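Here's the structure we're looking at; comments come further down.
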Amino acid sequence: MNMKHFHWLAALMMAVATSTSWAANEVRFGDWVSASHQDNSYFVAATSNESGNTITLACYVEIDTCFWILITGHTCEVDSRYVALVNAASSAKSVELACIELEGAKMMVFQDFDAIESVIRGIGLIGIAFPMKDGAFVVMRFKLDGSGAAIDHAKDRAARHSKTSTHDQRL
């Protein structure tokens, strides 16, 4: 991820974390939600598990880019990269995530957008396993019911607001 994208991501995630304007913009798709900020500057598709971890597709209109982000209560070392095994009924993949910190909150950004999205669009559950230094694993599970529809909804809405969109606009 280049620094320009990192700064946009930082601004986006701070806005997501502090936004109180989601409720009116939420659309539920099974266990997933698609939402936008009130000014339509970014769109998300997300789900949380029972442990409070969240996996989020965040699409920022200004830079016409989406990111997959994992927000957990687990610690990571900022600017470090981590390998995880992602498993669902559709497939299993090894993925790399980068740890970033925004206003004291640490989160992990998936480095291969297409690899993680192809698994998240599956059915059932997705498991994300991280090896620990002591030989154990931390495994997070998320429900996938509604993921494809929520992802499509968020991406479609972001595309409609993109500066490169060919949708009719009133200016």
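Which residues among segment 44-74 fall inside the zone where the amide N is under 12 Å from a point 7 Å beyond the Cα of K93, along Cα→Cβ?
Only 68 pass the distance filter.
Could you tell me which of rounded, prolate or oblate describes segment 45-120, using a ≥ b ≥ c as the square roots of the eigenvalues of the alpha-carbon gyration tensor, with rounded for a/c under 1.5 and, failing that, prolate when a/b is larger than b/c and oblate otherwise?
Working: a/c = 1.37, a/b = 1.14, b/c = 1.20.
In terms of gyration-tensor shape, rounded.
Segment 89-169: D in µm²/s via Stokes-Einstein (Kirkwood Rh, Cα pairs, 4 °C, 1.567 mPa s)? Show your work: numbers first, answer last.
Details: Rh = 15.2 Å.
For the chosen part, D equals 85 µm²/s.
Can you return the aspartates and glutamates within cross-link range of K93? Criterion is Cα-Cα under 14 Å, with same-chain partners fewer than 8 residues away left out.
D112, D114, E117
Which of rounded, prolate, oblate describes segment 43-85, given a ≥ b ≥ c as roots of the alpha-carbon gyration tensor eigenvalues and a/c under 1.5 marking rounded, otherwise prolate only if a/b is larger than b/c? Write out the running numbers ahead of the final one.
On the way: a/c = 2.48, a/b = 1.32, b/c = 1.88.
Since a/c reaches 1.5 but b/c is at least a/b, the shape of segment 43-85 is classed as oblate.
Skip the ligands, DNA and RNA, and give the accessible area per residue of segment 44-171 with a 1.4 Å probe, whole Å².
Working: 6930 Å² over 128 residues.
Value returned for segment 44-171: 54 Å² of accessible area per residue.
Which value, in Å² rounded to 10, gives the accessible area of I71 with a 1.4 Å probe and all protein chains present?
Using a 1.4 Å probe on the heavy atoms, I get roughly 50 Å².
The values are calculated or read from the model by the stated rules, or taken from the named source; none is laboratory data. Just so it is clear, the structure is predicted and the values come from calculations on it, not from any experiment. Counting neighbours? That spans all protein chains shown, and the Cβs are built from the backbone with ideal geometry, glycine included. Areas reflect the complete protein model, heavy atoms only, side chains present, ligands, DNA and RNA absent. Shrake-Rupley method; radii C 1.70, N 1.55, O 1.52, S 1.80 Å.
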